[in-house]
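Novice: Please see the structure below; I have some questions.
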Amino acid sequence: MTSFSTLHLRGVGRRFGKHDALADLDLEIGKGEFIALLGPSGCGKSTALNCLAGLLPLTAGSIWQDDTRIDVLPPEKRGFGMVFQNYALFPHLSVRRNVAFGLRMRRVSKPELNRRTDEAIRLVRLEEHAHKLPGQLSGGQQQRVAIARAIVLEPSLVLMDEPLSNLDAKLRLEMRTEIRRLHQSLGLTTVYVTHDQEEALSLADRLVVLRDGRVQQIGTPEQLHTRPANWHVADFMGYRNLLPCTAGARSGEAVAVEGDGLRLLASPVGDLPEGAAAVAAVRPEDVTVTEGSPAGPNRIEATVEVVEYQGRELAVEARTAGGTRLHIRTGRRLAPGDEVVLDIAVERLLAFAQQYTARAGEPADTAGRPVLAGQETA
Amino acid sequence: MAAPVVSPPEAGQDGPQRRTDPGLRHRLAERGIDSHLLLLVPAIVFIIGLFVYPFLYGLGLSFQPQQGGSPFADYQRFFSDPYQRDTIWKTLGLAIPAALLNVLASVPIAYRMRGRFRGKRLLMIVLVVPITLGTVLTAEGLLNFLGPAGWFNRTLISLGLADEPVQLINNYWGVFFSLIITGFPFAFLLISSYLSGIDPSLERAAATLGAGWWDRFRHITFPLLMPGLATTFCLTFVLAFSVFPSAILVGNPAGETRVISIAAYQAAYEQYDYPMASTIAMIMGAVELLVIALVLLWRSRFYTGATGGKG
């Protein structure tokens, strides 16, 4: 297949009626890159993938493969491989014929067709199932057929639409490793859609976080993990504690925030003027349970309410005097009713402007998933 | 557990039943025998009263020829008389092409009518409404429309496409058109539902694998639709094979459209030879079953499992 050095998405948008499912997506994909499109359901990530595949015409923007404009081509002319969420295996064709389908459509000569089909089937380790119909396979095996069918053509780009979402937890981990292994050994440029941040972080070279059809942040897993651009991304990246607060005075690198009886020092992200409505975000694992009196500025007293056993650690929900619920991960054996003193390192507590939810006439929690920790108790 | 010890089972209210019933009932339910089976009673009574009994009665009657002789005398008479025997070919000659055309014409239309688009409901109504008209109204319409002085012929002549009216009624074509008009909506509805049972992402997957629309249809949709087409063909064929009113109204019941049901009717109500009429009815059923058996045999060569759509 024709290879490319970069794929450009320029202001790509897709409108359904009056609703923008995807807007202003600018993205440059390098050869061999693994890009994950990440976001909650309805954020436009599948729309973006279908636009790339050619299954959905664009209503704005263009897609360029080097110097060739490809958004005007039908899917069968783009030469991209796609793995569908429900696998979309042809139920009347054997595994082998499913895998060989693309080669047949491209009129590849018989010996080459056989060689490449065998190779793809071997790659996903399905040799002994090659003659079976898809209906006779388990979910994980069907998934592997779908991957083999897409990669047998050595496509310039592989598109994966939540390929692991129908598998159970154990199989999901195995297939994740499998996909990573295939990507590393074949070097196929991949765009991968998922709503699972862990999946995205572990697989992708770069992540694109979408919300309401708009890009929130593009960056490496590490960038997104440590420096989310806004509190929606933070929420998606595992910052489970989102505390609504008001920004106070700056002191050096830190900013004072105040809300629900808590006064904390946080690291500001982006523009955060004094007095602005803000959201302070911290991961459960960055909230520490102190042994004695901490010297740090973010001392919080709380009562343990819920304890979940999770192996080496406990997931704990504690409640402050002001009514704020905090999620904590700790190795200490706590029990409901325990009084604890918590501490949060200043650099781990991120303060974001809340502006995002302040859209006219819309309550804070209709568009996005999070209901802020403080609002739960209100 | 303590209760049987305190009072013997026989002494308790329906004690013995309590001990055996759950086990037996459970075992029967495992085999699909439970009180829900009663729901089938009306249907079974109906089938026995209105189908099985008349069928067996007719079958018996067909072996008791009026003129006496061997039980198969009427069958021999039917097959040795070309005037009677040919009705099989005349009927097949109408029913098979009509059923085929109904099925084949429905496929592209149903294919195009998938998904949502403006005016779909209206188009659907227009396509399906003939099913409600009944054969007599259809025949009336055909006589007016396709007759020698009908719009169709007048248009042909005024356009100079024909010098004299084309004979389209009171012959084979009149009956054929009537079978299309009444059979098409039926075939179309069935095929539409079979098509919506095929997961649309299969075709999209084929597209991303480089298959153009024709390859997608030929390799994916058509093979998955094939069993549905075979079933639809069988049903429309049976409807067309028993054609009677239109064969008389818009056909030539004494000649080229003397179909098998006309032969049976004449035996019963013109010659009052009920055994012969029953014989013809039995032959009619046998021919239908033969055609259906052949089609289903052929159908069994295709994949008939799940196709992933919304069914």
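Novice: Kindly check whether there is at least one residue in the stretch B:68-79 that is in contact (Cβ under 8 Å) with a residue 24 or more places away in the chain, within 30 Å of B:Asp273 (Cβ to Cβ), open to solvent by 60 Å² or more (accessible area, probe 1.4 Å) and among the charged types (D, E, K, R).
Specialist: yes
Novice: Open to solvent by less than 20 Å² (accessible area, probe 1.4 Å), at negative phi and either of a type in the set (Asp, Glu) or touching a helix residue (DSSP H, G or I) at 6+ places or on another chain (Cβ under 6 Å) (or both): which single residue out of A:Ala302, A:Ala281 fits that description?
Specialist: A:Ala281
Novice: When the stretch B:170-203 is examined, which residues are found to be hydroxyl-bearing (Ser, Thr, Tyr) and either open to solvent by less than 20 Å² (accessible area, probe 1.4 Å) or touching a strand residue (DSSP E or B) at 6+ places or on another chain (Cβ under 9 Å) (or both)?
Specialist: Answer for the stretch B:170-203, where residues must be hydroxyl-bearing (Ser, Thr, Tyr) and either open to solvent by less than 20 Å² (accessible area, probe 1.4 Å) or touching a strand residue (DSSP E or B) at 6+ places or on another chain (Cβ under 9 Å) (or both): B:Ser178, B:Ser201.
Novice: When residues of the stretch B:269-306 are filtered for being in a helix (DSSP H, G or I) and over 16 Å from B:Ser242 (Cα atoms), how many remain?
Specialist: Of the residues in that region, 11 qualify.
Novice: Working only within the stretch A:190-216, note down all residues that are crowded, with 22+ Cβ neighbours inside 10 Å, touching an Asp or Glu at 6+ places or on another chain (Cβ under 7 Å) and closer than 22 Å to A:Ile147 by Cβ.
Specialist: A:Val193, A:Thr194 - these are the residues of the stretch A:190-216 that are crowded, with 22+ Cβ neighbours inside 10 Å, touching an Asp or Glu at 6+ places or on another chain (Cβ under 7 Å) and closer than 22 Å to A:Ile147 by Cβ.
Novice: Continuing with this model, one more query. Would you confirm whether any residue within the stretch B:247-259 is farther than 15 Å from B:Ile88 by Cα and open to solvent by less than 40 Å² (accessible area, probe 1.4 Å)?
Specialist: The answer is yes, given that some residue of the stretch B:247-259 is farther than 15 Å from B:Ile88 by Cα and open to solvent by less than 40 Å² (accessible area, probe 1.4 Å).
Novice: Next question, about the same structure. For the stretch A:279-292, indicate whether the set of residues that are more than 18 Å from A:Leu342 (Cβ to Cβ), of a type in the set (A, V, I, L, M) and within 24 Å of the chain's Cα centre (by Cα) is non-empty.
Specialist: Looking for residues that are more than 18 Å from A:Leu342 (Cβ to Cβ), of a type in the set (A, V, I, L, M) and within 24 Å of the chain's Cα centre (by Cα), one finds at least one in the stretch A:279-292, hence yes.
Novice: How many of the residues making up the stretch B:243-268 are more than 17 Å from the chain's Cα centre (by Cα) and assigned to a loop (DSSP other than H, G, I, E, B)?
Specialist: 10
Novice: Could you tell me whether A:Ala234 is touching a residue at least 60 places away in the same chain (Cβ under 8 Å), farther than 23 Å from A:Val83 by Cβ and in contact with a Phe, Trp or Tyr (Cβ under 9 Å, 6 or more places away or on another chain)?
Specialist: The answer is yes for A:Ala234.
Conditions (1) open to solvent by 40 Å² or more (accessible area, probe 1.4 Å); (2) modelled with pLDDT under 50; (3) assigned by TED's automatic domain parsing to the domain that holds A:Gly270, marked per residue:
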residue: A:Thr324; (1), (2), (3): no, no, yes
residue: A:Ile328; (1), (2), (3): no, no, yes
residue: A:Leu334; (1), (2), (3): no, no, yes
residue: A:Arg359; (1), (2), (3): yes, yes, no
residue: A:Glu362; (1), (2), (3): yes, yes, no
residue: A:Asp365; (1), (2), (3): yes, yes, no
residue: A:Gly368; (1), (2), (3): no, yes, no
residue: A:Leu372; (1), (2), (3): no, yes, no
residue: A:Ala378; (1), (2), (3): yes, yes, no
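Novice: Could you check the stretch B:34-116 for helices (runs of 4 or more DSSP H) lying wholly inside it with 2 or more residues that are at pLDDT below 95 and touching a helix residue (DSSP H, G or I) at 6+ places or on another chain (Cβ under 8 Å)?
Specialist: B:53-62, B:73-80, B:82-112
Novice: Here is a follow-up. Anything in the stretch A:126-170 that is more than 20 Å from A:Val108 (Cβ to Cβ), facing chain B (nearest Cβ under 10 Å) and under 24 Å from the mean Cα position of the chain (by Cα)? List them, or say none.
Specialist: A:Leu159, A:Asp161
Novice: Continuing with this model, one more query. Mind listing whichever residues of the stretch A:132-155 are of a type in the set (Gly, Ala, Ser) and without any contact (Cβ under 8 Å) to a residue 24 or more places away in the chain?
Specialist: A:Ser138
Novice: Go through the stretch A:324-344 and give me each residue that's of a type outside the set (Lys, Arg) and in contact with a helix residue (DSSP H, G or I) (Cβ under 9 Å, 6 or more places away or on another chain).
Specialist: Hits for the stretch A:324-344 are A:Thr324, A:Leu326, A:His327, A:Ile328, A:Thr330, A:Ile344.
Novice: Here are A:Val316, A:Val307, A:Val346, A:Val341: which of them is aliphatic (A, V, I, L, M) and open to solvent by 40 Å² or more (accessible area, probe 1.4 Å)?
Specialist: None of the others qualify; the one that does is A:Val307.
Novice: On to the next question. Among the residues of the stretch A:120-131, write down those that are under 26 Å from A:Ser3 (Cα atoms), touching a residue at least 12 places away in the same chain (Cβ under 8 Å) and of a type outside the set (Gly, Ala, Ser).
Specialist: A:Ile121, A:Leu123, A:Val124
Novice: A:Thr2 is checked against (1) modelled with pLDDT of 90 or more; (2) within 27 Å of A:Asp118 (Cβ to Cβ) and fails just one. What number does that condition carry?
Specialist: Checking A:Thr2 against (1) modelled with pLDDT of 90 or more; (2) within 27 Å of A:Asp118 (Cβ to Cβ), the one that fails is (1).
Novice: Restricting to the stretch B:204-221, what's the tally of residues that are facing another protein chain (nearest Cβ under 10 Å) and open to solvent by 10 Å² or more (accessible area, probe 1.4 Å)?
Specialist: Looking only at that region, the number is 7.
Novice: Quick check on the stretch B:123-135. Is at least one of its residues open to solvent by 70 Å² or more (accessible area, probe 1.4 Å), of a type in the set (A, V, I, L, M), more than 21 Å from B:Leu101 (Cα to Cα) and assigned to a loop (DSSP other than H, G, I, E, B)?
Specialist: Scanning the stretch B:123-135, I find no residue that is open to solvent by 70 Å² or more (accessible area, probe 1.4 Å), of a type in the set (A, V, I, L, M), more than 21 Å from B:Leu101 (Cα to Cα) and assigned to a loop (DSSP other than H, G, I, E, B), so the answer is no.
Novice: In addition: Scan (1) open to solvent by 30 Å² or more (accessible area, probe 1.4 Å); (2) in contact (Cβ under 8 Å) with a residue 24 or more places away in the chain for the single condition B:Phe237 breaks and write down its number.
Specialist: (1)
Novice: Within the set of pairs 6+ apart or on separate chains, which have a first residue in the stretch B:214-227 that is of a type in the set (S, T, N, Q) and modelled with pLDDT under 95, a second that is open to solvent by 20 Å² or more (accessible area, probe 1.4 Å) and part of a helix (DSSP H, G or I), and C-beta atoms under 8 Å apart?
Specialist: Qualifying pairs under 8 Å: B:Thr221/B:Tyr111; B:Thr221/B:Glu203.
Novice: Restricting the search to the stretch A:217-243, which residues are farther than 18 Å from A:Val279 by Cβ and either assigned by TED's automatic domain parsing to the domain that holds A:Leu326 or open to solvent by 10 Å² or more (accessible area, probe 1.4 Å) (or both)?
Specialist: Residues satisfying the conditions are A:Ile218, A:Thr220, A:Pro221, A:Glu222, A:Gln223.
Novice: Just give me the residues in the stretch B:265-311 being in contact with a helix residue (DSSP H, G or I) (Cβ under 8 Å, 6 or more places away or on another chain), more than 14 Å from chain A (Cβ to nearest Cβ) and among the small types (Gly, Ala, Ser), in sequence order.
Specialist: B:Ala267, B:Ala268, B:Ala277, B:Ser278, B:Ala281
The values are calculated or read from the model by the stated rules, or taken from the named source; none is laboratory data. Everything numeric here is computed off the predicted structure, so don't read it as measured data. For neighbour counting, all protein chains shown are included, and Cβ atoms are generated from backbone atoms with ideal geometry for every residue, glycine included. Surface areas here come from the heavy atoms of the whole protein model, side chains and all, with no ligands, DNA or RNA. Shrake-Rupley method; radii C 1.70, N 1.55, O 1.52, S 1.80 Å.
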